[in-house]
Amino acid sequence: MKFCKTFFLILALPFLVSAQTYIRVNQLGYLPKAVKVAVVLSKHQKPLQSFTIKDAITDKVVFSSNKIKNHGAFGNFTSTYRLDFSNFQKKGAYYIQTNDSKSIKFRIDEEVYAGSADFLLKYMRQQRCGYNPFLKDSCHIHDGFRVYHPDPKKDSTHIDVKGGWHDASDYLQYTTTSANAIYQMLLAYKNNPTVFKDFHQANGLEGSNGIPDIIDEIKWGIDWLVKMNPAYGEMYNQIADDRDHIGLRLPNNDPNSYGKGTMRPVYFCTGKPQGAFQNKSRATGIASTAGKYASTFALGSEVLQKFYPDFSKTLKKKAIDAYDWGKKNPGACQTAPCRAPYFYEEDNWTDDMELAAAELSKITKNKDYLQDAINFSKQETVTPWMINDTARHYQWYPFMNAGHYQTASQMTNNNELKSYYQQGLSAIKARAKKNPFLNGIPFIWCSNNLVTATLTQINLYRKLGGKGFEEMEAALRDWLFGCNPWGTSMIVGLPLAGDYPQDPHSAFTYLKNYPIDGGLVDGPVRTSIFKGLKYVALRFPDEYADFQSNMAVYHDDFGDYSTNEPTMDGTACLTYYLSTLENAPKTTEKLSIYKGAITRFDANKKIIRLAFTGHEFYEGGEKIAQTLKSENIKGSFFFTGEFYRNPATYSLIQKLISDGHYLGGHSDKHLLYNDWTKPDSLLISKLQFDDDLKSNYLAMNKFGITPEKAPYFMPPFEWYNETIAEWTKNNGLQLINFTAGTGSNRDYTYPEIGNKYANNQTIMRDILKYEKNNKDGLNGFILLIHLGTDPRRKEKFYDQLPQLIKHLKQKGYQFKRL
C-alpha cells in the first residue's frame, strides 16, 4: 500500500518533486460562488507575482490573477502564498499554473459535494457491531456482562447490548461518542433530508428499503443506545476496555476474553472514577452521559416519527427520563481506562444538559426546559478548547455545543447565545493568521474532529444570522480535502481520483487490504504530542518528511495511531456539514446514477434520448443521420479520437453538427478500462486515462467541440467502474451510459460470437416487450445503438430505426438530445 501510493505520486506529480514548489488545492473541488484559495509552499526566494488557471483538458488559460498574499516562511519552506481565485466561477476542471509548478486538477461545479455525506456512511456500516454488512458476518453477539453495577445480584450478570458501532479501529464501544454520532446524523437529516439516498437495506446490505440510508444508520445506532439505557437510572457508558488492543484481528474473529468467555464487560454509569487496573478515570457525575442520551432520544423522537411512529413515542419518554436522571446526578461521566493511561477525559457536562433541555423544549412545548437550557448555556459559554488552544484527550466533548443553536433558535432575542459562538470562532480565527492554511485549531488528538466541529459551528452561527468567518470556513473545508501541508484528503477514498490515506491504522487494511472508504482519520498532531506517545512506530520511511513542521505532523502510516486512525464519531459528525454543502441549489432533473454514471433521466417523463457510438465501424452513419432528420429528432453521438481524426468521417461529423446533434467523447483509442469479469480491476492507470481522454477531446476540438459543449462522456465498450466515473469527473466531465434492460446494445453481435448473438427481430422484440411490461416503460431511457458493426453481422439494427421511432412516437414518447 505504501509503495503503491508513493509510486503514484512520483508518476503523477513529477513537476512538483523537481520544482521544490507545491500548490495545494481542495481535491474534491469548489462550489462556483465559494471562497477559493490555493496555498503555495516554495523553497525558492523569488517572489511569486501572478498565476494562471488552465483548462484541465485543453490546457488553455481561462483565468489570470495577481491576487496573491505572501505568508512568509513555513516549516521547511522559505516562502508561502495564498492564491485567491474566488472571482473565477466557471464550471469545469482546471489546474493552477505558476512559473515553476502546477497543481493537481480540481473542479468547479455546484455538484462537487454531491453524494459526499452518503459516502461517509460506508465507513459507518463497516463499523457496525453485531451484524456487519461489510463482512457479511456477525461479531460480539454475546455482549455483555455488567461491571460496577451497584446491585451485587446484577453485577457480573449478562445484559443484551449487542449492536451499535465500534468506536474506531479497535472494537470498544462508547455511549458518549455513539450518542454524539447519532445526534449529528439526526441533525444532518433534519436540516438536509433531500440529499440522502436509499441504496441499502436496514441491515446495511445493498438494496433499497424505502428509507434513506442515513436513517437506517441512525436507527441501528439508536436501537443500541436504548439497550444501553434499558430503564430509568440504569445507564451504561462503555463496552470493553483497552484489553481489546491486544493483537490485530477482524471483529468477526475476536478471541479476546475478559473472564466471561466471549462476553465483554459493560460499564455501569456510577458517576465515580472507574478503571479495571492501575489507571482510573476522574468521573464526577452522570449528567454528561445522561444529557447525551436525552438529546439524542429527543431529536430521534422527532426525526424518526415519520418512519417509526411507535418507536418515536418510546424515545420521547426515554428522553424525559434521561434528562431527569442527569439533573439528579450533575457532573461528567468519563470512560474507563485499563492498562494504558488513555481514555476519554471529558470534564464538561452543562453543554450536554443544555442541548438536552433545548431538544426537550421543542418536543414537549414545555418552556421550563427552555429556561433550563438558557441557564445551562451561561455555565459554559464557549467550548473551552477554542479559547485555550489545547485540551486533554476529549476533555471538552462534544467538540462544539449544538445546544447554543438549539436554544437560540427558540428565543426572540438570541444575540447573547450567538455571541458565544462568535467568541470561540474569533479565537480560532486569531490563531489561524499564524500559518498560510488559516487553520487555527489546536493540533491535538482528533484534530480533524475539531476542524469538523468548527465548520459545523460556523454553519450554525450563520443560521443564527452571524457573519465574518467565510474565508476561515473555506480554509478549514479545503484542509480536509487536501489544501494542507501534506496535500492529502483526510477522508479515505474521497475523492477517489485524489490523494487520500492509503495505509490507515486499521486491521481491515493491515490484515486484508480491505478499503475503509468514508473514514475521517484523526488528523495531524503537534510534534511534541507525537514524540511523547507510547507504542508509535512507523512502518515505512516518512514520505511526508519534507512537509512536517513544529505546527503539526501527519503520517499516512499504519504505525501512527495518533494521526491516521479513522474515528466513527468524527466521520458521523461530518455528515452534517457535507450535507449542507450538498443542499445548495442544483438541477431539478431526476437522474438514475449507477457507479457514478448517469444511466437514466427522469423516469416520470416520456422522453427518450437516442445514443450512438462509433469507433472503427460507422457504415450506418449517413443512414442514421437521414432517419433522424426525417423524423425531426436530435440524437447524441459519442465518437473516439480515431473516429474524429479519420478523414473518411469528416463529412458525416460536419453533417451531424450542422443538424444540431450532440457530439461527445468515447475515448481516443477505444481502450478497455477494466476487466470484463472483475469490474473493479483496472486495466489502465489514471495517467493513461487522462492522456487518452485529452487526446479524444483534442481531436474533437478541430470541429469546434469543446469540453463545455460536450460535458457528457460515454466509456468505450460502455464498460466502466466507480473509479472510471471519478476520473471522468476529475476532468470536469460526467460519465454517461445506456439504460440497461432492453438489450438494444446487442446490435454489435454477429453469429460467430455464439449464444450472445441477437438478430434484429430479437432486439426489436425485447425493446418493445420491455416498454410494455415495465411500469415506467422507456421513460428517461438512454437507448443505445451502434453507428456500425463488424462486417460479419449482415443485418444492421440501425436499418430498423425508422420503424422503432414511429412505434415509440405512437406510444407518446418524445425524443431529445443531451
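Every read-out reported here was derived from the displayed coordinates using simple, explicitly stated rules and does not represent laboratory data. These figures come from a predicted structure and were not determined experimentally. Reconstructed Cβ throughout: ideal geometry from the backbone, glycine too, with neighbour counts over all protein chains shown.
Summary of computed values
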read-out	value
Region 539-588-region 245-274 distance, computed between alpha-carbon centres (Å)	28 Å
Label point distance in nm, SER138-ILE753, each placed 7 Å from Cα along Cα→Cβ	4.6 nm
Average Cα contact separation per residue, region 616-732, under 8 Å, 6 or more apart, as relative contact order %	28 percent
Greater than 20 Å apart at Cα, pairs in LYS655/LYS806; LYS433/LYS467; LYS60/LYS90; LYS327/LYS418	LYS655/LYS806; LYS327/LYS418
Label point 7 Å beyond Cα of HIS393 along Cβ direction - residues of region 329-370 with amide nitrogen under 13 Å	335-346
Relative contact order (percent, whole number), region 479-586, Cα cutoff 8 Å, 6+ residue spacing	27 percent
Cα-based convex hull, the chain, per residue volume (Å³, whole number)	170 Å³
Residues ASP155 and GLU631, FRET efficiency given R0 of 56 Å [Cβ-Cβ distance, rounded to 0.05]	0.10
Relative contact order of the chain, defined on C-alpha pairs under 8 angstrom at six or more residues apart (%)	12 percent
SER681-ARG282 FRET efficiency (beta carbon distance; Förster radius 56 Å; 0.05 resolution)	0.60
Lys/Arg +1, Asp/Glu -1 at C-beta; region 309-370 dipole; positive extreme among SER312, PHE343, LEU355	SER312
Rounded, prolate or oblate (a/c below 1.5 giving rounded, otherwise prolate when a/b exceeds b/c) for region 481-547 by Cα gyration tensor	oblate
Difference of contour (0.36 nm per residue) and Cα-Cα distance, LYS655 to GLN201	158.5 nm
Partner lysines for LYS756 [C-alpha distance under 18 Å; skip if fewer than 8 residues away on the same chain]	LYS794, LYS796
Solution diffusion estimate, µm²/s, Stokes-Einstein, region 582-731, Kirkwood Rh from C-alpha pairs, 20 °C, viscosity 1.002 mPa s	130 µm²/s
Proximal aspartates and glutamates to LYS122, defined as alpha-carbon separation beneath 14 angstrom and excluding residues fewer than eight positions away on the same chain	ASP198, GLU206, ASP213, ASP216, GLU217, ASP517, ASP569
Helical segments meeting 18 Å axial Cα length and Kyte-Doolittle -0.5 threshold in the chain (DSSP H)	175-191, 213-227, 287-303, 350-364, 447-463, 568-582
Footprinting exposure proxy for ASP324, ASP478, ASP137 (fewest neighbouring C-beta atoms within 10 Å first)	ASP137, ASP324, ASP478
Assigned charges on the beta-carbon of Lys, Arg, Asp, Glu; region 194-343 dipole about Cα centre (debye)	660 debye
Cα-projected label distance for LYS60 with TYR544, points at 7 Å along beta-carbon direction, nm	3.8 nm
Sequence-distant aspartates and glutamates (8 or more away, or on other chains) whose Cα lies within less than 17 Å of LYS67	ASP84, GLU471
Whole-angstrom gap from region 693-711 to region 291-340, using each part's C-alpha centre	57 Å
Förster radius 56 Å - calculated FRET efficiency between LYS313 and TRP719, Cβ distance, rounded to 0.05	0.65
Unsatisfied cross-links (Cα-Cα over 18 Å) in the set LYS162/LYS227; LYS69/LYS434; LYS512/LYS595	LYS512/LYS595
Order of THR58, THR749 under a 10 Å beta carbon neighbour criterion, fewest first	THR58, THR749
Theoretical gain in end-to-end length, LYS772 to ASN414 [0.36 nm per residue, Cα-Cα removed]	122.9 nm
Local net charge near TYR131, Cβ-Cβ under 10 Å (Lys/Arg +1, Asp/Glu -1)	+2
For region 116-582: rounded, prolate or oblate by the Cα gyration tensor [a/c cutoff 1.5]	rounded
Calculated [θ] (222 nm, deg cm²/dmol) that DSSP helices of n ≥ 4 give over the chain, each run adding -39,500 (n - 2.57)	-10500 deg cm²/dmol
Cα-based shape type of region 644-744, given that a ≥ b ≥ c are square roots of the gyration tensor eigenvalues and the cut on a/c is 1.5	prolate
Percent antiparallel among DSSP beta bridges (both partners in the chain, rounded to 5)	65 percent
